[in-house]
Amino acid sequence: MKINYQLKMEEKLREIIQQPKVPTLLLHSCCGPCSTYVLEILSEYFQITIFYYNPNITEIEEYQRRAQEQQFLIQKLNTKHPISFLEGNYQPKDFYNAIQGLEKLGEGSERCFSCYRLRLEETAKTAKKLGLDYFTTTLSVSPHKNSQVLNEIGQKLENKYQTSYLYSDFKKKNGYQRSIELSENYNLYRQDYCGCIYSKLEKEQRKA
């Protein structure tokens with residue numbers, strides 16, 4: 001049976017708002033534009049640390065530009081609870097090792113799922129290390145990302161690291177469209193591929 005992860009998140013947020021303490025959340029973010037709507041929603045309930053961990057981004061210039069845009073957005077946002085920024089270890093070889101043997105598979109395949117696991121596991125480990133209450137990712141805001149797989153991975157990592165995973169499907173309720181609107185409002189650089197060399201090549205082939 002297909003699970004509505006948006007509803008699961010809303011149930012959890014209703015629980016959280018009844019608690020006297022503001023919980024902490026490590027939010028993996030792929031880029032500023034994808035984090036816009038997610039931060040708009042979650043900053044009402046959590047003290048958030050953005051975890052910018054994206055070894056899948058092949059070109060260093062692209063990686064740095066997205067990191068700068070993420071930090072720019074955090075500085076511009078006026079939120080109920082503070083948002084901080086934490087950059088992960090940028091080692092593209094970790095991405096290539098994770099997807100070894102899957103290079104020729106297209107977007108939305110097991111190649112992408114292995115990339116999800118890589119980034120989410122590092123997020124879970126970091127949340128555990130820092131003693132934060134929850135972890136999750138902005139990835140589900142994209143219509144190109146498989147929310148079912150993302151949340152299944154998150155659940156397994158919750159059990160492995162004993163750190164609570166916040167279920168989500170941020171594309172629901174026009175979340176993706178809202179992220180586009182907010183990106184335009186803040187004049188953010190918004191890329192048209194996920195970041196890895198394979199998605200970039202596939203994008204160029206579609207345009208050819």
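Remarks
- Of the criteria (1) under 22 Å from ALA124 (Cα atoms); (2) surrounded by 15 or more Cβ atoms within 10 Å (Cβ to Cβ); (3) acidic (Asp, Glu), which one GLU69 fails: (1)
- Selection count where residues are within 19 Å of TYR116 (Cβ to Cβ), surrounded by fewer than 18 Cβ atoms within 10 Å (Cβ to Cβ) and not basic (Lys, Arg), scope region 7-27: 0
- Of the candidates LEU157, LEU201, LEU188, the single residue that is among the hydrophobic types (A, V, I, L, M, F, W, C) and assigned to a loop (DSSP other than H, G, I, E, B) is LEU188.
- Some residue of region 98-111 being within 15 Å of CYS194 (Cα to Cα), hydroxyl-bearing (Ser, Thr, Tyr) and in contact with a helix residue (DSSP H, G or I) (Cβ under 7 Å, 6 or more places away or on another chain): no
- Taken over region 7-51, the residue count meeting the criterion of being of a type outside the set (A, V, I, L, M, F, W, C) and either farther than 26 Å from TYR193 by Cβ or touching a Cys at 6+ places or on another chain (Cβ under 6 Å) (or both) is 17.
- Qualifying positions in region 49-73 - touching a helix residue (DSSP H, G or I) at 6+ places or on another chain (Cβ under 6 Å) and without any contact (Cβ under 8 Å) to a residue 40 or more places away in the chain: TYR52
- Qualifying residue in region 58-80 (condition: at pLDDT below 95, closer than 21 Å to GLN191 by Cα, touching a Cys at 6+ places or on another chain (Cβ under 9 Å) and assigned to a loop (DSSP other than H, G, I, E, B)): yes
- Filtered by the rule that a residue be more than 22 Å from GLN64 (Cβ to Cβ), of a type in the set (Ser, Thr, Tyr) and assigned to a helix (DSSP H, G or I), region 94-120 gives SER114, TYR116.
- Residue match in region 83-93 (condition: assigned to a helix (DSSP H, G or I), among the basic types (Lys, Arg) and in contact with a Cys (Cβ under 6 Å, 6 or more places away or on another chain)): no
- The listed residues are TYR176, TYR165, TYR96, and the only one of them that is at pLDDT 90 or above, within 17 Å of the chain's Cα centre (by Cα) and open to solvent by 40 Å² or more (accessible area, probe 1.4 Å) turns out to be TYR176.
- Selection within region 28-60 - more than 13 Å from the chain's Cα centre (by Cα) and open to solvent by 10 Å² or more (accessible area, probe 1.4 Å): GLU40, ILE41, GLU44, TYR45, GLN47, THR58, GLU59, ILE60
- Only listed residue being out of contact with any helix residue (DSSP H, G or I) (no Cβ under 7 Å at 6 or more places or on another chain) and either open to solvent by 40 Å² or more (accessible area, probe 1.4 Å) or free of Cβ contacts under 8 Å to residues at least 40 places away in the same chain (or both), chosen from LEU130, LEU150: LEU130
The values are calculated or read from the model by the stated rules, or taken from the named source; none is laboratory data. Note that the structure is predicted; figures quoted are calculated from it, not measured. We place every Cβ from the backbone using ideal geometry, glycine too, and count neighbours over all the protein chains shown. Accessible surface is based on the protein model in full, side chains and every heavy atom, while ligands, DNA and RNA are left aside. Shrake-Rupley method; radii C 1.70, N 1.55, O 1.52, S 1.80 Å.
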